[in-house]
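The values are calculated or read from the model by the stated rules, or taken from the named source; none is laboratory data. Not measured: the values here are computed from a predicted model. Glycine gets a Cβ as well: all are built from the backbone with ideal geometry, and neighbour counts include every protein chain shown.
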Amino acid sequence: MGKEWVLSLVLATAAAGQADFRNANWGMIPAQVKALEPGRGADISQGAAETAMEYGGIRMGGIASRVVYIFSHDRLQRAKYVFEADHRDLNEFIRDFRNIQALLIERHGKPVLDRAIWEDDSTQLEPKSYLDQDRASPANILPSDPNVGLAVSLGHLKLVTQWESPRTRVAHVLTGQDHQVTHEIEYRGTEAVKAARER
């Protein structure tokens, strides 16, 4: 497969506005995806079943992030934005989540899943029964709420929103463990979703 053919396919796909993630489509080979990130150096890591191609220095919704393309059998199956904000005030992660959430709703519409999952109420003033009922959606979790950022960093609270389309599942997640917060958006091709369900 010549480089000119790959570049022509990439440009045609981008021009048609049919991209699944950034300018890439599910099923692309690594060379095609590389051509879509010109001037950027990729960090590549090889696992037993998957290869990850990572690009830093990306901004999404004004927040520093990196982009990871994940290939299985040399074909793009999923990709994600991993946010790299480092906040001393842990509740700022809630603000970041809400800002990105607004962008995703504008782009993808109403989510099919929108949950605030409480595993532990020990950092909160209200019991878990109240939290599960009245603070069960990310929209009900505010940056001004005491200790919600701490709850996320300890794994006590997880915010999850999901969208489905014929070609892609999008999951926006804020979670944590051992005082570390992870904020990311994962895009997964529907064929990869089906394969994961069948395992």
Taking Leu174, is it out of contact with any Cys (no Cβ under 6 Å at 6 or more places or on another chain) and either buried (at least 21 other Cβ atoms within 10 Å of the Cβ) or within 27 Å of Gly27 (Cβ to Cβ) (or both)? yes
Glu54 - would you say it is closer than 23 Å to His172 by Cβ and either hydroxyl-bearing (Ser, Thr, Tyr) or in a strand (DSSP E or B) (or both)? yes
Cβ pairs under 9 Å, 6+ apart or interchain, first in the range 143-164 and closer than 14 Å to Leu125 by Cα, second at pLDDT below 95 and among the aliphatic types (A, V, I, L, M), ordered by first then second residue, are Pro146/Leu125; Asn147/Leu125
* What do you reckon, is Gln124 assigned by TED's automatic domain parsing to the domain that holds Pro146 and modelled with pLDDT of 95 or more? -> yes
Of the residues in the range 144-190 that are in a strand (DSSP E or B) and small (Gly, Ala, Ser), the one that is nearest to the chain's Cα centre (by Cα) is Ala171
